[in-house]
Structures are given as structure tokens and as C-alpha cells.
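Heads up: the structure comes next, in C-alpha cells.
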Amino acid sequence: MTCSIDFRKQLFNIKHQDDLTFEETSERFGVPIRTLFRWQKCIEPKIKRNKPSTKLDMEALRKDVEQNPDRYQYERARKSGVG
């Protein structure tokens, strides 16, 4: 869930007013520390991805499932070149 910019700004205002560490801020607001560091660098939410989406050939996937029904998903992903 995306938090509003107002919430992010208020969070950092309270952090500075109460002289809280990132760990204390994380515990108080229930926001992961890594997210706080990311918001500190850029408070605006990301709208677009930096990389293009991956398209799968659904017919090739269907054939692979038919030929190898016991293959794991990670094996299919590796074969298709996706994560």
C-alpha cells in the first residue's frame, strides 16, 4: 500500500521533532527501516518502473507444462529467462 506524501512528511517532521532514530521511527509508525531510508532519498512515490515488463510466450509455456508436468516454477522461470 502506498502512503501519502503528507503522511511521509509528517513522519519525518515527528522524527526530527522528537529526535528519533530510524529504528525508533520504524517501530512507532510500523514502517520498515529500509522504506524510511528510501523515502529520505525521494519522498515522492514511484509511478513507473525503470525496466520494461517481460512478455512470456504463452504457447511455449503451455507446451513446456505439457511436456514436463513435474518441473518446478523456478525451473520454468530460468528456462524462460524471467525471475
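Going down the list K41/K79; K15/K51; K15/K46, which pairs span over 29 Å between their C-alpha atoms?
Working: K41/K79 37 Å; K15/K51 33 Å; K15/K46 23 Å.
Distance filter (> 29 Å) returns K41/K79; K15/K51.
Most mobile of E66, E27, E44 per a Gaussian network model of the chain (Cα springs, under 10 Å)?
Ranking E66, E27, E44 by mean-square fluctuation puts E66 first.
Among rounded, prolate and oblate, which fits the chain when a ≥ b ≥ c are the square roots of the eigenvalues of its C-alpha gyration tensor, a/c under 1.5 means rounded, and a/b larger than b/c means prolate?
Working: a/c = 4.77, a/b = 2.95, b/c = 1.62.
Since a/c reaches 1.5 and a/b is larger than b/c, the shape of the chain is classed as prolate.
Each label point is 7 Å from the Cα along the Cα-to-Cβ direction; what then is the distance between the points at Q17 and I5, in nm?
Distance between label points: 2.1 nm.
Apply 1/(1 + (r/R0)^6) to the Cβ-Cβ distance of F37 and A77, taking R0 = 25 Å, and write down the FRET efficiency to the nearest 0.05.
Working: r = 29 Å, r/R0 = 1.18.
The value I calculate is 0.25.
Tell me the trypsin sites (Lys or Arg not before Pro) within region 33-83 that lie in a loop according to DSSP and have at most 13 other beta-carbon atoms within 10 Å. Please list the in-between numbers first.
Working: sites: R34, R38, K41, K46, K48, R49, K55, R62, K63, R71, R76, R78, K79; in loops: K46, K48, R49, K55, R71.
In loop regions of region 33-83 (DSSP not H, G, I, E or B), the sparsely surrounded trypsin sites (Lys or Arg not before Pro) are K46, K48, R49, K55, R71.
Per-residue HN-Hα couplings for region 17-22, Karplus 6.51 cos²θ - 1.76 cosθ + 1.60 at θ = phi - 60°, whole Hz, x for Gly and Pro?
Calculated HN-Hα couplings, in order: 5, 8, 6, 8, 7, 5 Hz.
Where a number appears in this text, it was derived from the coordinates with a stated rule and is not lab data. What you see is a predicted model; the values in this text were computed from it and never measured. We place every Cβ from the backbone using ideal geometry, glycine too, and count neighbours over all the protein chains shown.
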